[in-house]
1. What accessible area per residue comes out for the chain, rounded to a whole number of Å², with a 1.4 Å probe?
2. Helix-only mean residue ellipticity at 222 nm, the chain, DSSP H runs n ≥ 4 weighted -39,500 (n - 2.57), per residue, nearest 500. What is it?
3. How about region 226-255: which GluC sites (Glu not before Pro) there lie in a loop by DSSP and see at most 14 other Cβ atoms within 10 Å?
4. Pairs of Cα atoms under 8 Å, at least six residues apart: use those to get the relative contact order of the chain, whole percent.
5. Under 20 Å Cα-Cα from Lys36, which aspartates and glutamates qualify once same-chain neighbours fewer than 8 residues away are excluded?
6. Please check the chain for the longest run free of trypsin sites (Lys or Arg not before Pro) that are loop-located per DSSP (anything but H, G, I, E, B) and have at most 14 other Cβ atoms within 10 Å.
7. Leaving out same-chain residues fewer than 8 places away, which aspartates and glutamates sit with a Cα under 19 Å from that of Lys129?
8. Which links in Lys45/Lys236; Lys45/Lys205; Lys181/Lys236; Lys140/Lys236; Lys96/Lys140 stretch past 31 Å when you go from one Cα to the other?
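The values are calculated or read from the model by the stated rules, or taken from the named source; none is laboratory data. Every value quoted in this text rests on a predicted model; they were computed, and no experiment measured them. Note that each Cβ is placed from the backbone with ideal geometry, even for glycine, and that neighbours are counted across all protein chains shown. Heavy atoms of the whole protein, side chains included, go into the accessibility calculation; ligands, DNA and RNA do not. Shrake-Rupley method; radii C 1.70, N 1.55, O 1.52, S 1.80 Å.
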Amino acid sequence: MKKSQEFIPQVKKSEYNISDERAELMSAYIEFENVKKIYSMGEVKIAALAGVSFTIEKGEFVVIAGASGAGKSTILNILGGMDTCSEGNIYVDGTKISDFNAKELTTYRRYDIGFVFQFYNLVQNLTVKENVELATQICKNPLNIDETIEAVGLKERAGNFPAQLSGGEQQRVAIARALAKNPKLLLCDEPTGALDYATGKQILKLLQDTCKNHGVSVVVITHNLALTAMGDKVIKVRNGLIESIEINEHPLPVERIEY
Ligand SMILES: Nc1ncnc2c1ncn2[C@@H]1O[C@H](COP(=O)(O)OP(=O)(O)OP(=O)(O)O)[C@@H](O)[C@H]1O
Ligand SMILES: [Mg+2]
């Protein structure tokens, strides 16, 4: 079931204006290279990440698992440009995002990143359609709003407000909102943490299908080790370090996972 990473897509150097040396070294779509995140609390320093390295390929479905406090959200927030690392290098699609200033990070978050949170974070006084529309107004190549809402199964609910929807439906809106931006990366922090079993499965299926059908790289954080079976790649984090990285040659469709 596990194998080492054999598939190494080559980056076309001409597309990215990067040095020969870097082009030779670089292979992965996303690369974390010895990334550290140190929080200073007065005299005390907390290493939320103590040197984390991994790669993610384009179109890969990645599950990040680990105990509470392990550093999962820290990884996702740094990858999504919502936070910065203290040390190390981060490359996304040929660009070194760890060198970005605040303005460049804003652009990166706008155009390249779709984020899905545990508690949906919808705008309560906007309808489903307006919530999705709002996100597309700040990006370059948005998908069709109605089609995206239909794709998450909410065509009939487009005129409803979030409070009129179930938790699972609200999370669908959050996913539609993230997807409509047509992002390079869909980052999901415990997207089913607030949902019941069956609804959670539907949401994970939607994420897995999105990854396969749109070729977007999807990263999902979970506490639930049973869900690791659905990842193309499983990154286990422990105490701010990588505990293991496994490639599933045959990831399971989420419908076949019981947890
Ligand atoms: N702003 C901050 N200031 C100080 N310490 C922080 C800060 N943010 C996170 N930490 C610490 O960094 C560590 C990693 O936190 P992180 O939120 O990444 O964990 P997690 O794996 O996502 O946990 P959970 O599963 O509970 O969400 C924790 O010890 C946390 O207390
Ligand atoms: Mg977290």
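1. 49
2. Taken over the chain, the calculation gives -8500 deg cm²/dmol.
3. Working: sites: Glu243, Glu246, Glu249, Glu255; in loops: Glu249.
Those that pass, being in a loop and sparsely packed, are Glu249.
4. On the way: 517 pairs, mean separation 67.5, N = 259.
It rounds to 26 percent for the chain.
5. The reachable aspartates and glutamates, counting only those whose Cα sits under 20 Å from Lys36, are Asp83, Glu87, Asp99, Asp189, Glu243.
6. On the way: sites that count: Lys2, Lys3, Lys12, Lys58, Lys140.
With trypsin sites (Lys or Arg not before Pro) excluded where exposed in loops, the chain gives 141-259 as its longest stretch.
7. By straight Cα distance, Lys129 reaches Asp146, Glu147, Glu150, Glu156, Glu169.
8. Details: Lys45/Lys236 23 Å; Lys45/Lys205 40 Å; Lys181/Lys236 29 Å; Lys140/Lys236 34 Å; Lys96/Lys140 21 Å.
As for pairs spanning more than 31 Å Cα to Cα, those are Lys45/Lys205; Lys140/Lys236.
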